[in-house]
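Report on the structure given below.
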Amino acid sequence: MHSRFSADTLLHRVRWGAALALVAFALWAALAPLRYPTRERIFVFPRGAGAVPAEVRLTLGVRDVLLLRNRDAVPHVFGQVLVLPGHVFRLPFERPGDYVLACDVAPGHAVTVRVEDHPDPGWTRLLWRLRVLAEAVRTLPIEGPGD
């Protein structure tokens, strides 16, 4: 007796289901509005003046405020701002562009802040979401609960 649903039929249905789920996700990523709990992007001066990134990306209307947080025991310079130990400073950006700011602990003593326009729905937003996801995975913070 031959089963009505063979393994080939099941595999075929699973492939189509996965393809439809991928298309649905891509449509959502391309068209859904961008929402974040805060418009701040955190930039940390770690203890012991550890490494800080040479580039920070912001997006107007999504993450357009750079929150400078000094966890070191000494003050640090970022642009024209002196961030004292244990303090935070909010640096908002209102226009797209590349801003090169002095930073005493960055490679080359400068950080480039890239401020991008809000991504339009469609391919631009889909690519923006994929880039943000890749960056988030690449820069996962490895910190203990007390850090």
Which residue out of Arg90, Arg125, Arg114, Arg95 is more than 15 Å from Pro46 (Cα to Cα), surrounded by 17 or more Cβ atoms within 10 Å (Cβ to Cβ), touching a residue at least 12 places away in the same chain (Cβ under 8 Å) and of a type in the set (Lys, Arg)?
Arg125
So, Arg63, is that one open to solvent by 70 Å² or more (accessible area, probe 1.4 Å), of a type in the set (D, E, K, R) and closer than 19 Å to Leu140 by Cβ or not?
no
Quick check, is Val23 of a type outside the set (D, E, K, R) and surrounded by 16 or more Cβ atoms within 10 Å (Cβ to Cβ)?
no
Restricting the stretch 35-87 to residues that are of a type in the set (Gly, Ala, Ser) and modelled with pLDDT of 90 or more, the one farthest from the chain's Cα centre (by Cα) turns out to be Ala73
Whichever residue in the stretch 68-87 is of a type in the set (A, V, I, L, M) and buried (at least 17 other Cβ atoms within 10 Å of the Cβ) and, among such residues, is farthest from Pro121 (Cα to Cα)
Val83
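The values are calculated or read from the model by the stated rules, or taken from the named source; none is laboratory data. Just so it is clear, the structure is predicted and the values come from calculations on it, not from any experiment. Cβ sites come from the backbone with ideal geometry, for glycine too, and all protein chains shown count toward neighbours. Just the protein is used for accessible areas: all its heavy atoms, side chains included, with ligands, DNA and RNA removed. Shrake-Rupley method; radii C 1.70, N 1.55, O 1.52, S 1.80 Å.
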